[in-house]
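Working notes, beginning with the structure itself.
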Ligand code: AG3
């Protein structure tokens, strides 16, 4: 026997009437491409709503724990968020000798901010998230990720990241674009005018890092985005991480740098409480399979 309990409009929880197994299986599928999906059994839907910008769901999955889904796309899960957040943060942070001011565009879940806050050199972190409800949901359902949002160095701005970056000049050491896929309000985050604004917003030795999707499924995006960053920054780099819940599991990051070379990182502080990142992974993440190398040549 199973029972569905409804709390208010959105909060659905499933309780087992018996002692052990649920008799009914619930599955969630992200259609990653028209022909491929990621499918997980779910314990239940913890939260679901339509925000001003997107449709949001927080699912409790058996395999990956709590999962944040925006417009049907898995953004992050308790089980594998550490890989993405460590790699989008520590690779640029350890490349720079002493990053003090960091701006995060997107990243309302707070996972990226949590990793940045590990650095004693950091004086100011500005999180620019367009959707206040993502931040609220993360505070409520993902305390593991949102835990540093109240760090005194962190300022949260609910605003359009593109407009905000355009307002800055020689302001920060690092800009991290922790965005959703290039749909809706995020489209402009993958375009040349935005990268030009990022260049102006950075100090003379500043660094840009952006998540740039799967080399396997999003080759066209990488083939167009990488040259855009390259026309704006004196040096451009491309690196990879293995993230189980993202399409194809192989994920990419693009770095634009004014001065520092990530292959010769200059950071003196190396975070120790990581589970994916370490100096060996830092170096090896720039070693690309041939088919990926071809995308960025
Ligand atoms: N942002 C990138 C997630 C993209 C996943 N794509 C997909 N599931 N089709 C992650 C934000 C985490 N802070």
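Among the residues of the stretch 173-195, just one is in contact with a helix residue (DSSP H, G or I) (Cβ under 8 Å, 6 or more places away or on another chain) and over 17 Å from residue 229 (Cβ atoms), namely 180. With respect to the conditions (1) more than 15 Å from the ligand (Cβ to nearest atom); (2) assigned to a strand (DSSP E or B), residue 118 falls short on a single one, namely (2).
Can residue 223 be described as farther than 17 Å from residue 82 by Cβ, assigned by TED's automatic domain parsing to the domain that holds residue 94 and part of a helix (DSSP H, G or I)? So residue 223 fits the description; yes. Take the residues of the stretch 172-192 that are more than 13 Å from the ligand (Cβ to nearest atom) and either within 21 Å of residue 124 (Cβ to Cβ) or not assigned by TED's automatic domain parsing to the domain that holds residue 125 (or both): which is nearest to the chain's Cα centre (by Cα)? Once the filter is applied, the top-ranked residue is 175. Residues considered: 98, 146, 138. Of these, the only one that is surrounded by 24 or more Cβ atoms within 10 Å (Cβ to Cβ) and in the same structural domain as residue 164 (by TED's automatic domain parsing) is 138.
Between 133, 169, the distinction of being within 16 Å of the ligand (Cβ to nearest atom) and touching a residue at least 24 places away in the same chain (Cβ under 8 Å) belongs to 133 only.
For residue 237, indicate whether it is in the same structural domain as residue 264 (by TED's automatic domain parsing), crowded, with 19+ Cβ neighbours inside 10 Å and part of a helix (DSSP H, G or I). No; evaluated as a whole, the condition is false for this residue. Count of the stretch 22-41 residues, restricted to those that are part of a loop (DSSP other than H, G, I, E, B) and either under 23 Å from residue 79 (Cα atoms) or within 16 Å of the ligand (Cβ to nearest atom) (or both), is 4.
Residues in the stretch 64-113 that are outside any strand (DSSP E or B), near the ligand (Cβ under 10 Å from one of its atoms) and out of contact with any helix residue (DSSP H, G or I) (no Cβ under 8 Å at 6 or more places or on another chain): 2 in all. Can you tell me how many residues within the stretch 246-283 are surrounded by fewer than 16 Cβ atoms within 10 Å (Cβ to Cβ), farther than 17 Å from residue 234 by Cβ and touching a strand residue (DSSP E or B) at 6+ places or on another chain (Cβ under 9 Å)? Number satisfying all stated conditions: 1.
Could you check, for the stretch 42-59, whether at least one of its residues is assigned by TED's automatic domain parsing to the domain that holds residue 203, in contact (Cβ under 8 Å) with a residue 24 or more places away in the chain, away from the ligand (no atom under 14 Å from the Cβ) and over 19 Å from residue 136 (Cα atoms)? No. If you go through the stretch 250-273 one residue at a time, do you hit one that is part of a loop (DSSP other than H, G, I, E, B), on the phi > 0 side of the Ramachandran plot, modelled with pLDDT of 95 or more and assigned by TED's automatic domain parsing to the domain that holds residue 173? No, because not a single residue in the stretch 250-273 is part of a loop (DSSP other than H, G, I, E, B), on the phi > 0 side of the Ramachandran plot, modelled with pLDDT of 95 or more and assigned by TED's automatic domain parsing to the domain that holds residue 173.
The values are calculated or read from the model by the stated rules, or taken from the named source; none is laboratory data. Since we're looking at a predicted model, the values are computed, not measured. Here the Cβ is made from the backbone with ideal geometry for all residues, glycine too, and neighbour counts use every protein chain on show.
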